[in-house]
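Colleague: A single structure is presented below for examination.
The values are calculated or read from the model by the stated rules, or taken from the named source; none is laboratory data. Because the structure is predicted, anything quoted here is derived from the model rather than measured. Note: ideal-geometry Cβ built from the backbone for every residue, glycine included; neighbour counts use all protein chains shown. Just so you know, the surface numbers come from the protein's heavy atoms only, side chains and all, with ligands and any DNA or RNA stripped out. Shrake-Rupley method; radii C 1.70, N 1.55, O 1.52, S 1.80 Å.
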Amino acid sequence: DGGAAAAKADVEAAVPCRNMGLLLREHKPLLLGPSQVAGWGLFSHGSIERQELVTEYVGELVSHEEADRRGQVYDRRACTYLFNLNAAQVVDACPKGNMSRFANHSDKANCDTKIMTVRGDQHIGLYAKERIGRGEEIFFNYRWDEAIREKHGFEAGR
């Protein structure tokens, strides 16, 4: 029936494509500041609604082999900004990243990361899992195994 098809089209038009925010760089305004959790943190400048794009995790694309070499150096500094993008590439936000690299880890994170394809390239978006109020710190789960968590001093539940 034509009415049902039109109603479905209206609903689909109201729900934006998840990668459009990345394509149009519609990042939320964010602030950098001292974190109660670890070092520096990333904070919302205004409120962010559930499922909205917060920011994109960006940096230099390197191979896993290069990431392993850099990781050894970063481990000595107890600070790493490496994010596995796919089977061939890692995003290293240390030399060429943006403020997103200051989002700290939490097992109870208020953001999820999603790898999205935008015009044929993969991008890492941080999306709000819940409403985030003005001034709240932005967290995502780094998904590290126990050995890496211990090496970086993460306690269970943090």
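Colleague: Does LEU53 satisfy the criteria of being at pLDDT 85 or above, under 16 Å from the mean Cα position of the chain (by Cα) and open to solvent by 60 Å² or more (accessible area, probe 1.4 Å)? Steps first, please.
Modeller: Numbers: at pLDDT 85 or above: yes; under 16 Å from the mean Cα position of the chain (by Cα): yes; open to solvent by 60 Å² or more (accessible area, probe 1.4 Å): no.
Spelling it out, it is not the case that LEU53 is at pLDDT 85 or above, under 16 Å from the mean Cα position of the chain (by Cα) and open to solvent by 60 Å² or more (accessible area, probe 1.4 Å).
Colleague: Using beta carbons and a limit of 8 Å, which pairs, at least six apart or on different chains, have the first residue in segment 105-120 and closer than 11 Å to ARG143 by Cα and the second one open to solvent by 10 Å² or more (accessible area, probe 1.4 Å) and of a type in the set (Ser, Thr, Tyr)?
Modeller: Correct list of pairs: HIS105/TYR142; THR113/TYR57.
Colleague: Give SER47, SER63 a once-over and let me know the one that is small (Gly, Ala, Ser) and open to solvent by less than 50 Å² (accessible area, probe 1.4 Å).
Modeller: Numbers: SER47 fails: open to solvent by less than 50 Å² (accessible area, probe 1.4 Å).
Result: SER63 is the single residue among SER47, SER63 that is small (Gly, Ala, Ser) and open to solvent by less than 50 Å² (accessible area, probe 1.4 Å).
Colleague: I would also like to ask the following. Here is a list of conditions, (1) over 21 Å from GLU26 (Cα atoms); (2) surrounded by 12 or more Cβ atoms within 10 Å (Cβ to Cβ); (3) modelled with pLDDT of 95 or more, and ASN84 meets all of them except one; can you say which number that is?
Modeller: (3)
Colleague: Here's something else I'd like to know. Taking GLU150 and the conditions (1) open to solvent by 80 Å² or more (accessible area, probe 1.4 Å); (2) at pLDDT 90 or above; (3) not in a strand (DSSP E or B), which numbered condition does it fall short on, given that it satisfies the others?
Modeller: All conditions pass for GLU150, except number (2).
The rows are residues; the columns are (1) at pLDDT 90 or above; (2) over 25 Å from ASP75 (Cα atoms); (3) surrounded by fewer than 19 Cβ atoms within 10 Å (Cβ to Cβ); (4) acidic (Asp, Glu).
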site: LYS96; (1), (2), (3), (4): no, no, yes, no
site: MET99; (1), (2), (3), (4): yes, no, yes, no
site: ASN110; (1), (2), (3), (4): yes, yes, no, no
site: TYR127; (1), (2), (3), (4): yes, yes, no, no
site: GLU130; (1), (2), (3), (4): yes, yes, yes, yes
site: GLU136; (1), (2), (3), (4): yes, yes, yes, yes
site: GLU146; (1), (2), (3), (4): no, no, yes, yes
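Colleague: Looking at (1) of a type in the set (Val, Ile, Thr); (2) in contact (Cβ under 8 Å) with a residue 12 or more places away in the chain; (3) surrounded by fewer than 17 Cβ atoms within 10 Å (Cβ to Cβ), can you tell me which one VAL73 breaks?
Modeller: (2)
Colleague: Just to be sure before I move on: is SER63 modelled with pLDDT of 95 or more and either in contact with a strand residue (DSSP E or B) (Cβ under 9 Å, 6 or more places away or on another chain) or of a type in the set (S, T, N, Q) (or both) in the structure I sent?
Modeller: Values: modelled with pLDDT of 95 or more: yes; either in contact with a strand residue (DSSP E or B) (Cβ under 9 Å, 6 or more places away or on another chain) or of a type in the set (S, T, N, Q) (or both): yes.
Against the criterion (modelled with pLDDT of 95 or more and either in contact with a strand residue (DSSP E or B) (Cβ under 9 Å, 6 or more places away or on another chain) or of a type in the set (S, T, N, Q) (or both)), SER63 qualifies.
Colleague: A further question on this structure: Can you pull out every residue in segment 112-125 that is at positive phi and open to solvent by 70 Å² or more (accessible area, probe 1.4 Å)? Working first, answer last.
Modeller: We begin by selecting, within segment 112-125, every residue at positive phi; these are 119-120.
Of everything in segment 112-125, just one residue is at positive phi and open to solvent by 70 Å² or more (accessible area, probe 1.4 Å), namely ARG119.
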